[in-house]
Amino acid sequence: MADYNRYPVSKHRSCWIHVVGYLRASRKKITKQEAQRLRSLKLTAPCFLDNIPCRARSKRRVMRKKSTSKLKNKLDSGSFECYLETLWSRLPADKRDLFTRLDCQWFAWYRKASYREKVLSWVKRKEIFSTKYVLVPIVCWGHWSLLIFCHFGESLQSKTRTPCMLLLDSLQMSDPLRLEADIRRFMFDIYKAEGRPENKQMIYQVPLLVPKVPQQRNGKECGNFVLYFINLFVKSAPENFNIDNYPYFMKNDWFNAEAVERFCERLHALACNFH
């Protein structure tokens, strides 16, 4: 029962720690058989409090310390989606209207043949050809990056609204283009599932651009950087992306590490209140 004292019992509802708290408060004696059943509760009624953002205590100093330590861990897909949902709700509505976003696990699932058709059906419901930009957070081999589809609803010959893809990676030493074959197959299958008229040769000629964006300082920051990429790109993306003006603002001096840290602390504080 080492986890019992980690949080106040009032924070727990319908999990094994809540039961332990009740028994201790009532000083009720239990039999060996009851103790065995209580231990089994850790499997049948687990505690998920550590896995979700929780409302922190009211002291600002404690909040800041908790926020910082939380965001020093590499984000899993559940935490990433939680923070992205919080971020998305705070972005300007007129900017959000230019974007569609896909779930962060869809690309990884697409790479598995058994999930491929299902993922393509989910993407089709998103109607990505009716929006200017599509955000595709990617997590592969434990590393996060951000794929952005630009102007997929436009003609592939357009000069003013250039259909292209951007791949933003905060760890370019890991060779972001190792995903290119999967990305192009994903793009082709999306076009095919939509019944688009473009042929395979044309689709495979859509540019995949990898701008030299600021780089992470350790092995845990990649998810945080992707969230910050999304935050800045949504706010700054031109209404009509023209490849002649690439890389726009996406350069190695786009922002610094301190800006990412401040953003993550604010985002975590918002998530604590949002959920």
Limited to the stretch 154-174, what total is found for residues that are modelled with pLDDT of 95 or more and exposed (fewer than 15 other Cβ atoms within 10 Å of the Cβ)? 0
Give the stretch 243-273 a look and list any residue that's more than 20 Å from the chain's Cα centre (by Cα), part of a helix (DSSP H, G or I) and polar (S, T, N, Q), or say none. ASN245
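Right, ARG184: modelled with pLDDT under 95, surrounded by 16 or more Cβ atoms within 10 Å (Cβ to Cβ) and in contact with a strand residue (DSSP E or B) (Cβ under 9 Å, 6 or more places away or on another chain) or not? Can you show your working first?
On the way: modelled with pLDDT under 95: no; surrounded by 16 or more Cβ atoms within 10 Å (Cβ to Cβ): yes; in contact with a strand residue (DSSP E or B) (Cβ under 9 Å, 6 or more places away or on another chain): yes.
The answer is no for ARG184.
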Tally, over the stretch 165-194, of residues that are among the charged types (D, E, K, R) and closer than 15 Å to PHE129 by Cβ: 3
Assuming ALA269 fulfils every condition listed in (1) surrounded by 18 or more Cβ atoms within 10 Å (Cβ to Cβ); (2) within 19 Å of PHE99 (Cβ to Cβ); (3) touching a residue at least 40 places away in the same chain (Cβ under 8 Å) apart from one, which condition is it? (2)
Inspect the stretch 203-218 for any residue being crowded, with 17+ Cβ neighbours inside 10 Å, in a helix (DSSP H, G or I) and without any contact (Cβ under 8 Å) to a residue 60 or more places away in the chain and give the result as yes or no. yes
Would you be able to tell me the number of residues in the stretch 160-183 that are in contact (Cβ under 8 Å) with a residue 24 or more places away in the chain and assigned to a loop (DSSP other than H, G, I, E, B)? 7
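Residue by residue, here is whether (1) of a type in the set (A, V, I, L, M); (2) touching a Pro at 6+ places or on another chain (Cβ under 8 Å); (3) surrounded by 13 or more Cβ atoms within 10 Å (Cβ to Cβ); (4) over 17 Å from PRO207 (Cβ atoms) holds:
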residue	(1), (2), (3), (4)
GLU221	no, no, yes, yes
LEU227	yes, no, yes, yes
ILE230	yes, yes, yes, yes
SER236	no, no, no, yes
ASN245	no, yes, no, no
ASP253	no, yes, no, yes
GLU258	no, no, no, yes
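Could you pull out every one of the helices (runs of 4 or more DSSP H) wholly within the stretch 75-159 that has 2 or more residues that are in contact with a Leu (Cβ under 9 Å, 6 or more places away or on another chain) and assigned by TED's automatic domain parsing to the domain that holds MET173? Before you say what the answer is, go through the steps one by one.
Details: elements: 77-90, 93-96, 106-110, 116-125.
Where helices (runs of 4 or more DSSP H) fall fully within the stretch 75-159 and carry at least 2 residues being in contact with a Leu (Cβ under 9 Å, 6 or more places away or on another chain) and assigned by TED's automatic domain parsing to the domain that holds MET173, they are 77-90, 106-110, 116-125.
The values are calculated or read from the model by the stated rules, or taken from the named source; none is laboratory data. The structure displayed is predicted, hence computed values, not measured ones. A quick note on method: Cβ atoms are made from the backbone with ideal geometry, for glycine too, and the neighbour counts reach across all protein chains shown.
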